[in-house]
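Asker: Before I ask anything, let me first share the structure, which is written out below as structure tokens.
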């Protein structure tokens, strides 16, 4: 009888743990190992494991070892992976209006970016969640600048260059048509080699990316005009989080939200420093004059109108952006 009581007692003690299994959240990214984004994500994974007593862990596959953005998204759909950390544009097909922060020449300063993001960041996160993704971020990616072998001040100068365009970026492909440029479409991993061999001689990227990937070593000029704002996010397939208890999901959201808020601030500072560092490497700074800048902006406006006409972004979201910018500029 005593033996039966002991067995029953043991079963009762084990009941709270019945059905509880560890879940390893597998995240892929093109960002190289050792970059601030990957390092902070790994730190968040350690914190997550600690706060869930090992029930939820995180593994990061860095440097594109799991393939490009489309390949990773296929793996996420079938459950081989669970999420991806990438530039926001990688997820644009799931929520078109997320591209509102990436419109060409829409922002003139980081102060304008910050004013707009205060309102639109939660809207972007909610839009993704309604379309199957739990998103953390945005995290600052910095302004992309034109960096070229030959000096580029005007749109006419740009038209004479062999300009890189990222693969699988329909919004950028549509927008660039307004500049009468025939871009060279390449995956990010082919850019450095293509610069070395002359396949391309111009690209637009944030300075921190140009430094990290060594692209700046193959060009001689930087056009001092913030072409567009970039940001990154961590997106996790909503269906995969359903495998985690509600309690652990709450911990995960808290840990990753905090991590990306810290990363956002750190990356902003890093991007400012990278801009100065790129210029210090000897790149000649080219500044468009007032007439040239007016043409850049006019063509950018037409490119934005084209994006709306083709359903890449809604008129409602564009109006919301313009309203925020007008309010901010009226106060300056």
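The values are calculated or read from the model by the stated rules, or taken from the named source; none is laboratory data. All values reported here derive from a predicted model rather than from experimental measurement. Virtual Cβ from ideal backbone geometry, glycine too; neighbours counted across all protein chains shown.
Asker: Taking the condition surrounded by fewer than 20 Cβ atoms within 10 Å (Cβ to Cβ) and over 28 Å from residue 122 (Cα atoms), does residue 291 pass?
Answerer: Working: surrounded by fewer than 20 Cβ atoms within 10 Å (Cβ to Cβ): yes; over 28 Å from residue 122 (Cα atoms): yes.
Answer is yes for this residue.
Asker: Another question, then. Which pairs do you get when a residue that is on the phi < 0 side of the Ramachandran plot, found in the range 88-115, comes within reach of a residue that is surrounded by fewer than 18 Cβ atoms within 10 Å (Cβ to Cβ) and at pLDDT 95 or above, reach meaning Cβ atoms under 6 angstrom, with the pair 6+ apart or on two chains?
Answerer: 94/131; 95/131; 97/314; 112/328; 115/328
Asker: In this structure, does residue 311 turn out to be over 30 Å from residue 39 (Cβ atoms) and either modelled with pLDDT under 95 or surrounded by 15 or more Cβ atoms within 10 Å (Cβ to Cβ) (or both)? Lay out the reasoning, then the answer.
Answerer: Working: over 30 Å from residue 39 (Cβ atoms): yes; either modelled with pLDDT under 95 or surrounded by 15 or more Cβ atoms within 10 Å (Cβ to Cβ) (or both): yes.
Considered against the rule, which asks whether it is over 30 Å from residue 39 (Cβ atoms) and either modelled with pLDDT under 95 or surrounded by 15 or more Cβ atoms within 10 Å (Cβ to Cβ) (or both), residue 311 comes out as yes.
Asker: For a quick check of your reading of the model, give me the residue pairs whose first member lies in the range 168-188 and is within 18 Å of residue 199 (Cα to Cα), whose second is at pLDDT 90 or above and part of a helix (DSSP H, G or I), with beta-carbon atoms closer than 8 Å and at least 6 apart or on different chains.
Answerer: Within 8 Å, the pairs are 181/158; 181/159; 184/194; 186/194.
Asker: If residue 248 meets every condition in (1) modelled with pLDDT under 95; (2) more than 21 Å from residue 90 (Cα to Cα); (3) in a helix (DSSP H, G or I); (4) touching a helix residue (DSSP H, G or I) at 6+ places or on another chain (Cβ under 9 Å) apart from one, which number is that one?
Answerer: Checking residue 248 against (1) modelled with pLDDT under 95; (2) more than 21 Å from residue 90 (Cα to Cα); (3) in a helix (DSSP H, G or I); (4) touching a helix residue (DSSP H, G or I) at 6+ places or on another chain (Cβ under 9 Å), the one that fails is (1).
Asker: Select from the range 314-326 the residues that are in contact with a helix residue (DSSP H, G or I) (Cβ under 8 Å, 6 or more places away or on another chain) and either part of a loop (DSSP other than H, G, I, E, B) or surrounded by 11 or more Cβ atoms within 10 Å (Cβ to Cβ) (or both) and list them in ascending order.
Answerer: Passing the criteria: 314, 317, 318, 320, 321, 324, 325.
Asker: Can you tell me which of (1) assigned to a helix (DSSP H, G or I); (2) touching a residue at least 40 places away in the same chain (Cβ under 8 Å); (3) touching a helix residue (DSSP H, G or I) at 6+ places or on another chain (Cβ under 6 Å) is the one residue 308 doesn't meet?
Answerer: (2)
For every residue, the table says whether it meets (1) assigned to a loop (DSSP other than H, G, I, E, B); (2) closer than 23 Å to residue 284 by Cα.
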position	(1), (2)
126	no, no
131	yes, no
144	no, yes
153	yes, yes
158	no, yes
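Asker: Could you tell me which numbered condition residue 54 fails, if it satisfies all but one of (1) modelled with pLDDT of 95 or more; (2) in a loop (DSSP other than H, G, I, E, B); (3) buried (at least 21 other Cβ atoms within 10 Å of the Cβ)?
Answerer: Status for residue 54: all satisfied but (3).
Asker: Something else about it: Could you tell me which residue of the range 170-187 is modelled with the lowest pLDDT, considering only residues that are crowded, with 19+ Cβ neighbours inside 10 Å and under 20 Å from residue 69 (Cβ atoms)?
Answerer: Only one residue fits best here, namely 171.
Asker: Quick check on the range 278-290. Is at least one of its residues closer than 25 Å to residue 117 by Cβ and within 22 Å of the chain's Cα centre (by Cα)?
Answerer: The answer is yes, given that some residue of the range 278-290 is closer than 25 Å to residue 117 by Cβ and within 22 Å of the chain's Cα centre (by Cα).
Asker: Residue by residue through the range 220-239, note down the ones that are more than 18 Å from residue 86 (Cα to Cα) and outside any strand (DSSP E or B).
Answerer: So the first thing to find is which residues in the range 220-239 are more than 18 Å from residue 86 (Cα to Cα), and the list is 220-227, 239.
220, 224, 225, 226, 227, 239, listed by residue number.
Asker: Among the residues of the range 254-277, is any in contact (Cβ under 8 Å) with a residue 40 or more places away in the chain, in a strand (DSSP E or B) and surrounded by 15 or more Cβ atoms within 10 Å (Cβ to Cβ)?
Answerer: No, the range 254-277 contains no residue that is in contact (Cβ under 8 Å) with a residue 40 or more places away in the chain, in a strand (DSSP E or B) and surrounded by 15 or more Cβ atoms within 10 Å (Cβ to Cβ).
Asker: Counting only residues that are in contact with a strand residue (DSSP E or B) (Cβ under 8 Å, 6 or more places away or on another chain) and over 18 Å from residue 239 (Cβ atoms), which one in the range 90-109 is modelled with the lowest pLDDT?
Answerer: 90
Asker: Here's a follow-up. What number goes with the only condition from (1) surrounded by fewer than 18 Cβ atoms within 10 Å (Cβ to Cβ); (2) out of contact with any helix residue (DSSP H, G or I) (no Cβ under 8 Å at 6 or more places or on another chain); (3) not in a loop (DSSP other than H, G, I, E, B) that residue 204 does not pass?
Answerer: (1)
Asker: All but one of (1) under 16 Å from residue 35 (Cβ atoms); (2) modelled with pLDDT of 95 or more; (3) in contact with a helix residue (DSSP H, G or I) (Cβ under 8 Å, 6 or more places away or on another chain) hold for residue 264; state the number of the condition that does not hold.
Answerer: Exception for residue 264: condition (3).
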